[in-house]
Amino acid sequence: MSFKRLTPSDFLVSADSITAPCWTDNVYDLTNFFTSSNQEASSQGDYVLAVYQTGSTEENAAIQFYLGFANQYGSGSTAYNSIIPGLSPSRTLYGQYKNLILEDENAPFIFGSVTQSSFYIVSVERANYKQSLLPGSLNLKLTSGSNSVFLTDNSNDISVVPYINGTRVYQIISGSNGTATTAGVPSGASQAGYTISGSYGWFLPDLGTLLLNSKALELPIASGGISLGFLSGSANANGLNNKIIFAGIKTGDSFELNSQENVTSDYVFIRPQNAEFNYTTNPSFISGSTGEVIYSTFINNPQTYITTIGLYNDANELLAVAKLSKPLVKDFTKEALIRVKLDF
């Protein structure tokens with residue numbers, strides 16, 4: 001074993017962006033949507049629905065995303081206690097996302113330029129994306145009856161990425177692949193892809209979440225919506241709003257989305273020069289009785305094979321090990337350049 005101190009010029013840091021489909025089995029366009037009847041019948045199903053790519057009892061069934069409904073005043077779901085009206089699952093979810101995103105109990109949700117008090121939640125299963133969602137990859141078709149709207153984010157239509165408390169927030173608009181379309185834009189809309197109720201919601205890639213503006217979706221097609229329907233009374237049965245947005249996604253039968261991960265790599269360049277690493281410390285080359293080199297040819301014309309590289313700190317602690325794909329012959333007539341890549 002031989003050691004060599006590395007210098008700053010031997011290190012290089014590189015960052016690469018890796019994208020992949022969000023859905024199970026690397027499916028980019030999810031076209032089949034299923035819920036679990038057991039969950040729907042449970043108390044959890046009253047306010048959150050898990051959506052699968054196949055029947056929930058199938059062997060390869062996996063949760064793809066979750067659906068919820070939030071309202072500032074607790075409308076759209078039954079109160080926990082009839083004595084305290086308005087305190088319901090929809091209000092709890094509204095407060096949860098206000099704390100998570102806005103971090104201010106007095107701040108409103110502004111979709112486009114319009115303040116709204118309710119929204120649908122589409123939360124992608126955490127295991128389906130490693131770091132964030134990829135802006136510009138969102139294509140979601142929602143259908144109600146004969147009406148449809150194609151949703152995407154506005155990442156390609158803006159020059160400055162908007163942030164709220166360190167979280168990227170894109171507007172969800174009608175269009176495709178991150179670009180708005182003028183098709184079906186209602187008269188009086190301030191910008192292509194928007195409705196008179198503002199944008200269709202927020203795309204939050206760092207949180208793996210879409211907030212869909214329920215007011216925009218309940219509008220008639222002439223106003224940029226799809227007449228999706230909205231249950232607003234506090235006496236409404238739990239879960240119906242979840243089922244409304246689920247029906248819109250299931251009937252639309254197209255949900256495209258990619259994940260994005262920035263992988264940082266450290267490259268370490270190992271440079272055995274011609275005069276280095278030619279002798280071995282293997283005790284089998286040394287006579288145990290006399291301490292002499294057994295094979296005289298290794299005195300003036302040594303030859304070794306590099307098979308492993310270990311990276312040590314100043315305390316002589318082994319930090320990482322790199323194995324060569326095949327032994328690399330080394331003698332006084334040869335030099336080598338070995339690149340070690342560390343991903344983390």
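When Ile83 is tested against (1) without any contact (Cβ under 8 Å) to a residue 60 or more places away in the chain; (2) assigned to a loop (DSSP other than H, G, I, E, B); (3) under 26 Å from the mean Cα position of the chain (by Cα), only condition (3) is not met. Restricting the first member to the stretch 104-120 and to residues that are under 19 Å from Gly76 (Cα atoms), and the second to residues that are of a type in the set (A, V, I, L, M, F, W, C) and open to solvent by 20 Å² or more (accessible area, probe 1.4 Å), no beta-carbon pair is closer than 7 Å while six or more apart or on different chains.
The C-beta contact set for the stretch 269-285 (first residue touching a residue at least 24 places away in the same chain (Cβ under 8 Å) and among the hydrophobic types (A, V, I, L, M, F, W, C), second residue open to solvent by 70 Å² or more (accessible area, probe 1.4 Å) and not in a loop (DSSP other than H, G, I, E, B), distance under 6 angstrom, 6+ apart or interchain) comprises Phe269/Arg339.
When every residue of the stretch 94-102 is checked against the conditions, none turns out to be over 16 Å from Leu210 (Cβ atoms), modelled with pLDDT under 90 and open to solvent by 30 Å² or more (accessible area, probe 1.4 Å).
Annotation: of all residues in the stretch 173-189 being hydroxyl-bearing (Ser, Thr, Tyr) and farther than 23 Å from Phe255 by Cβ, the one that is modelled with the lowest pLDDT is Ser187.
Residues in the stretch 1-47 that are touching a helix residue (DSSP H, G or I) at 6+ places or on another chain (Cβ under 7 Å) and not small (Gly, Ala, Ser): Cys22, Trp23, Phe33, Thr35, Gln39, Asp46, Tyr47. Identify the residue in the stretch 251-289 that is outside any helix (DSSP H, G or I) and at pLDDT below 75 and, among all such residues, is surrounded by the fewest Cβ atoms within 10 Å (Cβ to Cβ). Looking at the filtered set, the residue picked out is Ser289. For the stretch 1-49, filtering for residues that are assigned to a helix (DSSP H, G or I) and either more than 30 Å from Ser137 (Cβ to Cβ) or among the acidic types (Asp, Glu) (or both) leaves 9.
The values are calculated or read from the model by the stated rules, or taken from the named source; none is laboratory data. Predicted model, so just to flag it, every value in this text is computed and none were measured. Because the Cβ atoms are built from the backbone with ideal geometry, glycine has one as well, and the counts that use them run over all protein chains shown. All accessible areas refer to the heavy atoms of the entire protein, side chains included, with ligands and DNA or RNA removed. Shrake-Rupley method; radii C 1.70, N 1.55, O 1.52, S 1.80 Å.
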